[in-house]
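*Asks:* One structure, pasted below without further comment.
The values are calculated or read from the model by the stated rules, or taken from the named source; none is laboratory data. Note that the coordinates shown come from a computational prediction; the quantities given were computed from them, not determined experimentally. Methodologically, a virtual Cβ is constructed for each residue, glycine included, from the backbone with ideal geometry; neighbour enumeration extends over all protein chains shown. Ligands, DNA and RNA are stripped out before the accessible areas are found, and what is left, the full protein with its side chains, is counted by its heavy atoms. Shrake-Rupley method; radii C 1.70, N 1.55, O 1.52, S 1.80 Å.
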Amino acid sequence: MSAPATFTYTDPGTPTPNPAHESDAARIAFWEAQAQRLDWETTWQKAHTFKKPQSLGTDADGVEQFTVPQIRWFEGGTLNASYNCVDRHVEAGRGDKVALFFEGEPGDREAITYAELQRRVARAAHGLEKLGVTKGDRVVIYLPVIPETVIFTLACARIGAIHSLVFGGFSAEALRFRVEDTGAKVLITTDGQNRRGSVVPVKVNADEACSGENQIEHIIVVDRTAGTDQARGAVPWTPGRDVWYRELIEGLPETHSPEFFDAETPLFIIYTSGTTGKPKGLVHTTGGYLTQTAYTHALLFDLLPETTGADGTLRVDELAATNDPARVRDTVHWCTADLAWVTAHTYEIYGPLLSGVSQVIYEGTPNTPTFERHFEIIERYGVTNYYTAPTLIRSLMGAFPDGLPAGKYDLSSVRLLGSVGESINPEAWRWLRTHVGGGTASFIDTWWQSETGSTVCSPRPHDPQFAPAGRFAASGQVPGTSLETKPGCATRSVPGISTRVVDEAGRDVAPGEQGFIVVDKIGPSMARTVWGNPQRYLDSYWRHFGERGWFLAGDGAKTDELGDTYILGRIDDVINISGHRLSTIEIESALVTHEAVVEAGVCPVEDELTGHQAVAYVTLSEAGRALSAQDLKAALLEHVRHAIGPIAKPKDVVAVADIPKTRSGKITRRLLGELYQGRTLGDVSSLQNEEALDAIAQVLAER
Ligand code: ATP
Ligand code: MG
């Protein structure tokens, strides 16, 4: 892309005004403009309705009760999600563009163009219809990261069925809960999965999950690992119920005319990981979800056009409702999340496909066969956007503390890095930017949740303090900026949404002070309800601030003097030491800057004197393993004292081999605390490394 001859960088102190800060009318008009990113069959009659919770007075126990809030966007407008992701690109002559670069764990590869994707989605849609699936039916998709996962997701959307993706690594029990809770009619699975170099049977889990009370009529089985008829013959089978994908679609037409559905038609149900209790099935609807997804994908993954202001200043047009075609053409996107996480729904399935970019999907784990796999993939496909999670960055950093093998990989295609899922430790931020981002890539730290559907707060890829040499680097004219980078800062809400950081009573907290982050002006991709349990929707998110209509996210946060927002982790992860509220994540971030530490998990434990104390679990580098337990503790306490202050010094340091995490890579601090205090552990079903618990219990017992 050729850069203009001269420009002045926009002063980051005067970011684009946010329509959500102007008025409700401006905010709604903004989202109406963004909805033009989609193709609508008929336009909406009502842009937005929000019936806030209304007080019903107090109940017999003196607790104030409220009505369940109701959110609607673009009601009366009709559209088809799969048409918007696929067909319209083909109709516009971009059918030959690669939509998916698939790489399997064993090394098989396939490039699927938009035209090919259209054909496969059509056949899958016919296949579902053949099995009697119609509008409003639920379909559970229990598949690994393979093209069929994307194909069936879009096929469901095409016929108005509600999809619910379940992580392929989940147990039969976790799957059973989701099959039963959704009341799904069809389950889609594979015969087996490639996992860390071996083949793991999957169909047997699916059978077990469907053995109780449920509405399942058919199980569609994608042949991923069987390979031979004999192997296929060995897959457990219930005739009449089970059907092979390849047999289902045989002879079915490669075209399918889409039906158009009201914008408020449910698109999918996504279960929260359940770190805070029984998983909630959040319901997202079509028009609003796709609008905010398409917009935030373009804004954050740097597809928006540039404009020259009246004063001659060149800037990125943050409010544009179209993308720069050259940037769309140049982008190779890679979101490393499993397709079943909300991250992937928005920035791996719907977002990139709505934008019409090419993207990589990779089946396997990052360390199969070695931790170099991701670098190979980046090089092979010329990945420009690498969007991943802090846990993965920390493992890469653990594997390559001093950077990648010199000269071995060409990662020069990378121009944007992104992180999601947890607060990113500044150390991990720096490592990734230096070693994968060439020291210059933009870095977006996107804060959002299953509930919000797409990003709420993030730096922009063109913000100078995050990308001093980012987007405009090619021109060589980026003016030197004295602004400091702010690793791990979620910065500010995207246009059209507003957040604030408040105390219990809803008062804005002063800069530097901890509070709760709330969304006080919502965007169109907010979840509409909890599947089958509207009361839980009210109780979990809306009850606290009642008639104000603020969404309580459940995360702690603070702002700095410039008004930029830092996320401090879940409210439950905050430690209160002698009245000082400390963030576990801040302590962890300090610990991982010590050369002895690879990863840290900090939890609160009760203390008679101070209320809480912090206990630090750490995994060690070679340098750390060389120290005695006593020296290690002394070194780390001194380090934290220096980095944060004496109050933050952990009461204890426990060196362990592995830190327990959820399947989506979040450190389970609650379990760490329960272990330390010898309490019975709560729900552990969403853990990726349950064995870490026993190992820790043993370490604690042996001390
Ligand atoms: P459950 O609510 O059932 O415990 P979950 O919260 O893990 O599940 P998600 O919706 O996938 O399920 O995760 C959202 C949470 O992840 C946020 O509330 C926040 O705590 C954390 N998070 C996500 N992105 C960021 C980020 N960029 N910075 C800090 N925290 C983040
Ligand atoms: Mg949550």
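*Asks:* Subtracting the Cα-Cα distance from 0.36 nm times the residue separation, let me have the gained length for Asp24 to Thr322 in nm, one decimal. All intermediate terms of the calculation are to be shown ahead of the outcome.
*Replies:* On the way: separation 298, 0.36 × 298 = 107.28 nm, distance 2.26 nm.
The span from Asp24 to Thr322 would gain 105.0 nm if fully extended.
*Asks:* Is any residue of the range 537-577 close enough, with backbone N under 14 Å, to a label point placed 7 angstrom from the Cα of Ala510 along the Cα-Cβ axis, and if so, which?
*Replies:* Residues 559-561 fall inside that zone.
*Asks:* What is the set of long-range amide H partners of Gly488 at a cut-off below 5 Å, with H atoms built 1.01 Å from backbone N?
*Replies:* Amide H neighbours of Gly488, under 5 Å, 5+ apart: none.
*Asks:* If you average the alpha carbon positions of the range 88-147 and of the range 577-624, how far apart do those two centres end up, in angstrom?
*Replies:* Using only Cα atoms, the two centres lie 45 Å from each other.
*Asks:* If you don't mind, another one. For the residue pair Val63 and Ala399, what label-to-label distance in nm results when each label sits 7 Å from Cα along the Cα-to-beta-carbon direction?
*Replies:* Output for this residue pair reads 4.7 nm.
*Asks:* Let me ask you something else. Based on DSSP loop calls and a cut-off of at most 16 other Cβ atoms within 10 Å, the longest stretch of the chain free of exposed GluC sites (Glu not before Pro) is what?
*Replies:* Numbers: sites that count: Glu41, Glu213, Glu217, Glu250, Glu254, Glu259, Glu484, Glu504, Glu513, Glu561, Glu595, Glu608, Glu690, Glu702.
Answer - 260-483.
*Asks:* Related question: What is the dipole size for the chain, taken about its Cα centre, with +1 at each Lys and Arg Cβ and -1 at each Asp and Glu Cβ, in debye to the nearest 20?
*Replies:* Numbers: 65 positive and 90 negative charges, 100 e Å.
I would put it at about 480 debye.
*Asks:* Give the carbon-plus-sulfur fraction of the accessible surface of the range 578-702 in %, rounded to a whole number; probe 1.4 Å, heavy atoms of protein chains only. Don't skip to the end; give the middle numbers.
*Replies:* Numbers: 2750 of 5720 Å².
For the range 578-702, the apolar C and S fraction of the accessible surface comes to 48 percent.
*Asks:* With the full set of protein chains in place, find how many percent of the accessible area of the range 113-267 is carbon and sulfur; take the probe as 1.4 Å. Spell out each step's value before the answer.
*Replies:* Values: 2660 of 5680 Å².
The computed percentage sits at 47.
*Asks:* So if we plug the beta-carbon distance of Ser412 and Glu606 into 1/(1 + (r/R0)^6) with R0 = 51 Å, what FRET efficiency do we get, rounded to 0.05?
*Replies:* Taking R0 as 51 Å, the efficiency between Ser412 and Glu606 is 0.50.
*Asks:* Right, next: Which helices count as membrane-span-like in the chain under these terms: full DSSP H, at least 18 Å along the axis by C-alpha, Kyte-Doolittle mean of -1.0 or more?
*Replies:* Numbers: long enough: 114-130 (24 Å, -0.81); 147-159 (19 Å, 1.15); 286-300 (21 Å, 0.14); 629-643 (21 Å, -0.17).
Result, helices passing both filters: 114-130, 147-159, 286-300, 629-643.
*Asks:* Same structure, new question: Pick out, from Ile393, Ile151, Trp334, the residue whose Cα sits farthest towards the positive end of the charge dipole of the chain, with +1 on the Cβ of Lys and Arg and -1 on the Cβ of Asp and Glu.
*Replies:* The one lying farthest along the dipole's positive direction is Ile151.
*Asks:* Return the calculated 222 nm mean residue ellipticity for the chain, to the nearest 500 deg cm²/dmol, obtained by summing -39500 (n - 2.57) across DSSP H runs with n ≥ 4 and dividing by the residue count.
*Replies:* On the way: 20 runs with 178 residues, N = 703.
Dividing the helical sum by the residues of the chain leaves -7000 deg cm²/dmol.
*Asks:* Please report the antiparallel percentage of DSSP beta bridges with both residues in the chain, rounded to the nearest 5.
*Replies:* Values: 64 of 102 bridges.
Bridges in the chain are about 65 percent antiparallel.
*Asks:* Turning to a different aspect of this structure: Tell me which residues come under 5 Å, amide H to amide H, from Arg195 once H is placed; ignore anything under 5 positions away on its chain.
*Replies:* Val200
*Asks:* What distance in nm separates the two pseudo spin-label positions at Ser628 and Arg196, each 7 Å out from Cα along the beta-carbon direction?
*Replies:* Going from the Ser628 label point to the Arg196 one covers 3.5 nm.
*Asks:* How many nm is it between the label spots at Gln70 and Val204, if each spot is 7 Å from the Cα in line with the beta carbon?
*Replies:* With each label placed 7 Å out from Cα toward Cβ, I get 5.0 nm.
*Asks:* Given the Cα-Cα distance of Lys278 and Lys46 and 0.36 nm per residue of separation, how much length would full extension add, in nm? Write down the numbers at each step before the final one.
*Replies:* On the way: separation 232, 0.36 × 232 = 83.52 nm, distance 3.51 nm.
Computed gain between Lys278 and Lys46 is 80.0 nm.
*Asks:* Between Arg570 and residues 5 or more places away or on another chain, which pairs have amide H atoms under 5 Å apart, with H built 1.01 Å from N, and which residues are they?
*Replies:* Those qualifying (amide H under 5 Å, at least 5 residues apart or on another chain) are Gly556.
*Asks:* Right, something else. Might you report the magnitude of the Cβ-based charge dipole of the range 113-267 about its Cα centre, with Lys and Arg at +1 and Asp and Glu at -1, to the nearest 20 debye? List each step's numbers first, then the result.
*Replies:* Details: 17 positive and 21 negative charges, 74 e Å.
The calculation lands at about 360 debye.
*Asks:* Now, a different point. Just round it to a whole percent: the fraction of Cα-Cα distances in the range 578-702 exceeding 23 Å. If you can, show how the numbers build up before the last one.
*Replies:* On the way: 2086 of 7750 pairs.
That tail contains 27 percent of the Cα-Cα pairs.
*Asks:* List the trypsin sites (Lys or Arg not before Pro) within the range 495-527 that DSSP assigns to loop and that have no more than 14 neighbouring Cβ atoms inside 10 Å. List each step's numbers first, then the result.
*Replies:* Details: sites: Arg500, Arg507, Lys521; in loops: Arg507.
Answer by residue number: Arg507.
*Asks:* About the Cα centre of the range 578-702, what is the dipole size in debye to 20, counting +1 per Lys and Arg Cβ and -1 per Asp and Glu Cβ, all else neutral? Show your work: numbers first, answer last.
*Replies:* Values: 12 positive and 18 negative charges, 72 e Å.
My answer is approximately 340 debye.
*Asks:* For Glu91 and Arg246 in one chain, what is 0.36 nm times their gap in residues minus the Cα-Cα distance, to one decimal in nm? Please list the in-between numbers first.
*Replies:* On the way: separation 155, 0.36 × 155 = 55.80 nm, distance 2.71 nm.
Length gained between Glu91 and Arg246: 53.1 nm.
*Asks:* Keeping every protein chain present and rolling a 1.4 Å probe, give me the accessible area per residue for the chain in Å². Write down the numbers at each step before the final one.
*Replies:* On the way: 26250 Å² over 703 residues.
On a per-residue basis, the chain sits at 37 Å².
*Asks:* Then there's this: Could you list the residues of the range 30-61 with an amide nitrogen less than 19 Å from a label point located 7 Å from the Cα of Asp539 in the Cα-to-C-beta direction?
*Replies:* Once the point is set 7 Å along Cα→Cβ of Asp539, 53-61 turn out to lie under 19 Å by backbone N, inside the range 30-61.
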